[in-house]
Amino acid sequence: MKSEHIPKATIKRLAMYVQVLETLKREGSQVVSSELLARTCSVNPSQIRKDLAYFGEFGVRGVGYHVQDLIYSIKHSLGVDRVWKCALVGVGNLGKALLRHQDFKFRGFDIVGAFDCDPFKIGEEISGLEVVCTRRLKDAVKELGIEIGLITTPVNRAQRAANFLIEAGVKGIINYSPAMLTVPADIYVEYVDFFHHFYSVAFSITLDRHQERLGSNDEADEDD
């Protein structure tokens with residue numbers, strides 16, 4: 001790796017490249033050009049080359065990238081060429097949906113523990129996992145080798161869930177709750193807010209309509 005200071009935007013694009021490459025692999029493609037990969041990912045070919053350059057030299061001039069080799073290289077560089085054990089805290093509707101989502105294991109993130117403090121949920125079985133009391137999280141992290149925690153609790157319980165995960169020894173947290181967490185400097189947190197995407201789409205539609213109205217007004221002025 002050429003630099004430890006890699007922008008988060010680059011990491012997100014690399015994850016997108018892997019998804020596209022895996023689709024191409026399933027479709028039977030063995031080689032892909034930077035132009036095709038860029039067009040599929042809606043980025044410039046130069047951006048792809050720049051992103052990959054953080055991790056070394058890839059591709060063959062005049063040929064392109066070997067799909068399988070590039071998938072392996074990106075996954076290895078990102079540290080996702082192995083299985084990461086995960087724990088989910090908060091077994092509500094969203095938590096249950098994530099536990100039933102098969103893509104986590106397919107992409108190397110195996111949710112091996114489900115935890116909640118609600119006595120009515122403890123003991124329930126979801127996708128082969130028994131919901132366990134959150135107070136048993138520390139033992140489970142040690143026994144199962146859990147490294148990443150997913151928080152899907154209501155907003156008022158998210159910090160408490162984070163505290164349990166941190167005390168248990170988890171170093172990375174994916175927070176699906178809208179709560180902003182207070183964590184030590186050596187704990188990595190990613191926030192997943194579905195409404196960010198709603199806002200982005202709503203803004204794009206609003207902007208298009210605004211520009212259409214401006215265009216209509218300009219045409220009306222010309223007619224006058």
* Are there any pairs, at least 6 apart or on different chains, whose C-beta atoms fall under 6 Å, with the first in the range 111-140 and free of Cβ contacts under 8 Å to residues at least 24 places away in the same chain and the second surrounded by fewer than 19 Cβ atoms within 10 Å (Cβ to Cβ) and assigned to a strand (DSSP E or B), and if so, which? -> Ile122/Cys133
* Can you spot a residue in the range 164-180 that is under 20 Å from Gly113 (Cβ atoms), in contact with a Phe, Trp or Tyr (Cβ under 6 Å, 6 or more places away or on another chain), among the polar types (S, T, N, Q) and surrounded by 12 or more Cβ atoms within 10 Å (Cβ to Cβ)? -> yes
* Asked: Could we say that Asp103 is within 30 Å of His5 (Cα to Cα) and exposed (fewer than 15 other Cβ atoms within 10 Å of the Cβ) here?
  -> yes
* To do: Filter the range 48-58 down to residues that are touching a helix residue (DSSP H, G or I) at 6+ places or on another chain (Cβ under 7 Å) and crowded, with 16+ Cβ neighbours inside 10 Å and give me whichever is modelled with the lowest pLDDT.
  => Phe58
* Could you please find all residues in the range 21-35 being surrounded by fewer than 17 Cβ atoms within 10 Å (Cβ to Cβ), part of a helix (DSSP H, G or I) and in contact (Cβ under 8 Å) with a residue 12 or more places away in the chain? => Glu22, Lys25
* Only one of these conditions is not met by Ala87: (1) over 30 Å from Ala158 (Cα atoms); (2) within 20 Å of the chain's Cα centre (by Cα); (3) surrounded by 15 or more Cβ atoms within 10 Å (Cβ to Cβ); (4) of a type outside the set (Lys, Arg). Which number is it? -> (1)
* Structure fact -> Filtering the range 135-155 down to residues that are over 15 Å from Leu99 (Cβ atoms) and surrounded by 23 or more Cβ atoms within 10 Å (Cβ to Cβ) yields Leu137
* Structure fact -> Reported set for the range 151-168 where residues are more than 12 Å from Arg135 (Cβ to Cβ), hydrophobic (A, V, I, L, M, F, W, C) and in contact with a helix residue (DSSP H, G or I) (Cβ under 6 Å, 6 or more places away or on another chain) is Ile151
* Structure fact -> By residue number, the members of the range 62-84 that are surrounded by fewer than 19 Cβ atoms within 10 Å (Cβ to Cβ) and of a type in the set (Lys, Arg) are Arg82
* Asked: Of the residues that sit in the range 51-65 and are over 25 Å from the mean Cα position of the chain (by Cα) and in contact (Cβ under 8 Å) with a residue 24 or more places away in the chain, which one is farthest from Ser29 (Cα to Cα)?
  -> Gly59
* For residues that are closer than 30 Å to Leu165 by Cα and in a helix (DSSP H, G or I), scanning just the range 182-210, find the one that is modelled with the highest pLDDT. => Phe198
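Every residue, every condition in (1) basic (Lys, Arg); (2) in the same structural domain as Ala114 (by TED's automatic domain parsing); (3) more than 18 Å from the chain's Cα centre (by Cα), yes or no:
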{"site": "Val131", "(1), (2), (3)": "no, yes, yes"}
{"site": "Glu147", "(1), (2), (3)": "no, yes, no"}
{"site": "Val170", "(1), (2), (3)": "no, yes, no"}
{"site": "Ile173", "(1), (2), (3)": "no, yes, no"}
{"site": "Pro178", "(1), (2), (3)": "no, yes, no"}
{"site": "Asp186", "(1), (2), (3)": "no, yes, yes"}
{"site": "Phe203", "(1), (2), (3)": "no, no, yes"}
{"site": "Arg213", "(1), (2), (3)": "yes, no, yes"}
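The values are calculated or read from the model by the stated rules, or taken from the named source; none is laboratory data. None of these values were measured; they are calculated from a predicted model. Cβ coordinates were reconstructed from backbone atoms using ideal geometry, including for glycine residues, and neighbour counts include every protein chain displayed.
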